[in-house]
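Structure record follows, encoded as structure tokens.
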Amino acid sequence: MADMKTFRLLVNTTDRVFYNDDVTMVELSTTAGEIGVYAEHIPLTSVLVPCVMNIHVDGDVKKAAVHGGIVEILQDKVTVLAEIAEWPEEIDVNRANEARTRAERRLSSNDPQIDVVRAEAALKRSLARLGAVR
């Protein structure tokens with residue numbers, strides 16, 4: 001692993017610099033699907049969906065929940081502008097489970113008053129949080 005090329009990963013949210021360091025790989029989900037990025041990746045800009053972001057550093061993997069945003073990939077730097085980013089220790093697992101249950105109940109109710117898009121978004125966010133904790 002010592003000879004793997006690295007690149008700078010910068011993850012910003014509206015209220016903090018969430019992550020800013022060199023990494024060997026980052027994995028995340030976009031509207032086009034899941035991607036893994038290594039150094040010297042082709043330039044790309046994409047929209048993020050709620051997901052677990054896997055940050056690979058020195059043979060270790062750090063997990064974080066990301067709740068959408070955008071990603072800009074350059075050959076030597078990846079910048080993520082996230083709506084929300086959370087480390088596993090920042091996540092209230094009980095609250096995330098309750099949000100998942102609530103969203104699943106709404107989606108399965110077939111109630112025409114339910115905002116399906118909003119319920120689906122809530123479900124994706126709760127699953128991202130729970131995935132980061134696992």
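The values are calculated or read from the model by the stated rules, or taken from the named source; none is laboratory data. All values reported here derive from a predicted model rather than from experimental measurement. So basically every Cβ, Gly included, is an ideal-geometry build from the backbone, and we count neighbours across all protein chains shown. Accessible surface is based on the protein model in full, side chains and every heavy atom, while ligands, DNA and RNA are left aside. Shrake-Rupley method; radii C 1.70, N 1.55, O 1.52, S 1.80 Å.
Computed from Cα atoms, the angle from the helix 116-133 axis to the main principal axis of the chain rounds to 50 degrees. Rounded to the nearest whole Hz, the Karplus-based 3J(HN,Hα) values (6.51 cos²θ - 1.76 cosθ + 1.60, θ = phi - 60°) of region 78-85 follow the sequence 10, 10, 10, 9, 9, 4, 9, 9, with x at glycine and proline.
To the nearest 10 degrees, how steep is helix 93-108 against the longest Cα principal axis of the chain, on a 0 to 90 scale? Once rounded, the angle reads 60 degrees. Compute the Cα gyration tensor for region 73-129, then decide on rounded, prolate or oblate, letting a ≥ b ≥ c be the square roots of its eigenvalues: rounded whenever a/c is under 1.5, prolate when a/b is larger than b/c in the other cases, and oblate in all that remain. Oblate is the answer for region 73-129, as a/c is 1.5 or above yet b/c matches or exceeds a/b. Taking Val57, Val17, Val116 and ordering them by how much accessible surface each has at a 1.4 Å probe, largest first, produces Val17, Val116, Val57.
Largest to smallest in accessible area, the residues Ile84, Ile42 fall in the order Ile42, Ile84 (1.4 Å probe, all protein chains included).
Suppose R0 equals 22 Å; then what is the FRET efficiency for Ala121 and Asn20 from their Cβ-Cβ distance, rounded to the nearest 0.05?
On the way: r = 28 Å, r/R0 = 1.25.
It comes to 0.20.
Semi-axis lengths, largest first, of the ellipsoid equivalent to the chain are 30, 16, 12 Å, with √(5λ) applied to each eigenvalue of the Cα gyration tensor.
Distant-in-sequence amide contacts of Val57, defined by a placed amide H-H separation under 5 Å and a gap of 5 or more residues or a different chain, comprise Thr24, Lys62. Using a probe radius of 1.4 angstrom, the carbon and sulfur fraction of the accessible surface of the chain is 48%.
Just to verify a number: FRET efficiency for Arg134 and Asp76, C-beta to C-beta distance, R0 = 41 Å, to 0.05? Once rounded, the FRET efficiency stands at 0.85. Per residue, the accessible area of the chain comes to 60 Å², computed with a 1.4 Å probe over protein heavy atoms only. Were the residues from Ile35 through Asp92 laid out at 0.36 nm apart, the gain over their Cα-Cα distance would be 17.8 nm.
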